Amino acid sequence: LHNKGFQSIAAHNNIKNFWRRDMVYEKFGFDKFISLTDMGDLPQEYVAQRKPWQWQPDDFLLYRSVLNEVKNNKGGKLFFNLMTMSSHGPYQFDNDFGEGVYTFKLHEAITRLTEFTEKLEQIDPNAIILVYGDHKPALNRYFFERKVFPPSFFIKTGVEDYDFVFKGSVTPEDFGDVPVFIKGGNEKLVSKFISDANEKPFFCLTSIFDSYFINSGLFSFDYSLKHGCLDPQPYDYHKMVTMTPAWVYSLSLFE
């Protein structure tokens with residue numbers, strides 16, 4: 001990213017030393033890390049809307065900090081890695097195994113994201129936004145009761161979400177995909193990206209995204225593209241997820 005003229009910024013509306021992010025992001029090479037303590041106070045109109053069970057910091061804080069960085073930018077290229085909090089679990093039960101609380105949090109997260117993208121688009125119409133989830137929500141009891149996850153997935157089940165223990169044999173294919181959304185930039189290129197990256201493993205998605213929109217030349221991305229990530233579907237999932245040897249990642253992270 002530095003070689004391509006980008007300033008790189010990571011931001012997360014949580015405490016800065018959680019998972020030692022204040023040190024990890026610097027070791028990854030980010031120029032700046034913005035944590036919750038750097039984001040200021042939540043406006044009163046948002047505070048008044050919060051529910052008693054909302055312990056998560058509001059995503060408004062995250063997006064406001066990013067918009068401030070963009071506004072203060074002097075025309076250079078910016079790369080942001082953002083981690084949101086509004087939809088994070090746990091999800092309290094109300095005779096619905098957490099569905100109601102999750103729905104409320106998800107709606108709020110989408111509202112904040114929509115407001116952010118609209119404001120960002122006004123500042124920079126060419127900005128590209130890629131949104132992805134790192135896992136399904138922790139609604140184990142809900143998925144179990146609604147037969148989304150069968151009993152055969154678990155070593156142990158129970159009353160609360162944290163009572164459920166998955167078997168080691170459960171695969172990413174069993175869990176199912178998480179959604180990815182993209183907005184902005186050249187429409188034809190975005191459509192091609194969606195076509196090439198759809199249903200591929202996540203390391204393929206990032207490799208294809210880089211080749212179309214950044215072209216960083218990172219070795220692990222180039223390796224992935226040359227060893228299956230651009231192959232047409234159908235493809236062998238298990239073969240693809242094991243195709244990249246550990247030394248490729250080591251070279252990219254620690255060279």
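The values are calculated or read from the model by the stated rules, or taken from the named source; none is laboratory data. Just so we're clear, the structure is a prediction, and the values are computed from it rather than from any experiment. Methodologically, a virtual Cβ is constructed for each residue, glycine included, from the backbone with ideal geometry; neighbour enumeration extends over all protein chains shown. Side chains are part of the model used for accessible areas, which takes the heavy atoms of the whole protein and leaves out ligands, DNA and RNA. Shrake-Rupley method; radii C 1.70, N 1.55, O 1.52, S 1.80 Å.
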Charges only on Cβ, +1 for Lys and Arg, -1 for Asp and Glu: so what's the dipole of the range 71-125 about the Cα centre, in debye to the nearest 20?
500
Backbone HN-Hα couplings from phi across the range 72-87 [Karplus 6.51/-1.76/1.60, Hz, Gly and Pro as x]:
7, 5, 9, x, x, 8, 10, 10, 10, 10, 10, 10, 8, 10, 4, 9
If you average the alpha carbon positions of the range 107-146 and of the range 62-79, how far apart do those two centres end up, in angstrom?
19
Report the net charge of residues surrounding Phe166, where surrounding means a beta-carbon distance below 10 angstrom and charges are Lys +1, Arg +1, Asp -1, Glu -1.
+1
How far apart, in nm, are two points set 7 Å out from the Cα along the Cα-to-Cβ line at Asn126 and at Asn215?
1.3
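For the chain, what is the percent of antiparallel DSSP beta bridges, rounded to the nearest 5?
Of all bridge pairs located within the chain, approximately 40 percent are antiparallel.
Subtract the Cα-Cα distance of Lys119 and Lys32 from 0.36 nm times their separation in residues, and report this length gain in nm to one decimal.
Between Lys119 and Lys32, full extension yields an extra 29.1 nm.
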Quote to one decimal, in nm, the extra length available between Asn3 and Tyr162 on full extension: 0.36 nm per residue of separation minus the C-alpha distance between them.
52.8 nm
Could you order Asp59, Asp94 so the one with the most accessible surface comes first? Probe is 1.4 Å.
Asp94, Asp59
Give a residue-ordered list of calculated ³J(HN,Hα) values for the range 47-53 (Karplus: 6.51 cos²θ - 1.76 cosθ + 1.60, θ = phi - 60°; whole Hz; x for Gly, Pro).
4, 5, 8, 6, 8, x, 8
Quick check: pseudo-label points 7 Å beyond the Cα along Cα→Cβ at Ser152 and Leu67, how many nm apart are they?
5.0
Return one whole number: the accessible area per residue of the range 189-255 in Å², for a 1.4 Å probe.
59
Can you give the charge dipole size of the range 160-255 about its Cα centre, rounded to the nearest 20 debye, using +1 on the beta carbon of Lys and Arg and -1 on the beta carbon of Asp and Glu?
440
Say we join alpha carbon atoms closer than 10 Å with springs in a Gaussian network model of the chain; which of Asn13, Asn126, Asn72 then has the biggest fluctuation?
Asn72
Magnitude of the Cβ-charge dipole of the chain, K/R +1 and D/E -1, about the Cα centre, nearest 20 debye?
380
Could you list which residues have their amide H under 5 Å from that of Ile34, counting only those 5 or more apart in sequence or on another chain, with H placed in the peptide plane?
Ala10, Ala11, His12
Reduced to Cα centres, the span from the range 166-239 to the range 88-105 in Å works out to 31
Pulled fully out, how much extra length does the chain show between Val24 and Thr242, if you take 0.36 nm times their separation in residues and subtract their Cα-Cα distance?
75.9 nm
Charge dipole of the range 151-191 about the Cα centre (unit charges at C-beta), most positive-ward option of Phe153, Val170, Phe181:
Phe181
Of all C-alpha pairs within the range 79-212, those more than 23 angstrom apart amount in percent to 48
Could you pull the Rg and Dmax for the chain, using just the Cα atoms, both in Å?
20.0, 56
Quick one: how many Å² of Tyr237 are accessible to a 1.4 Å probe, rounded to 10?
50
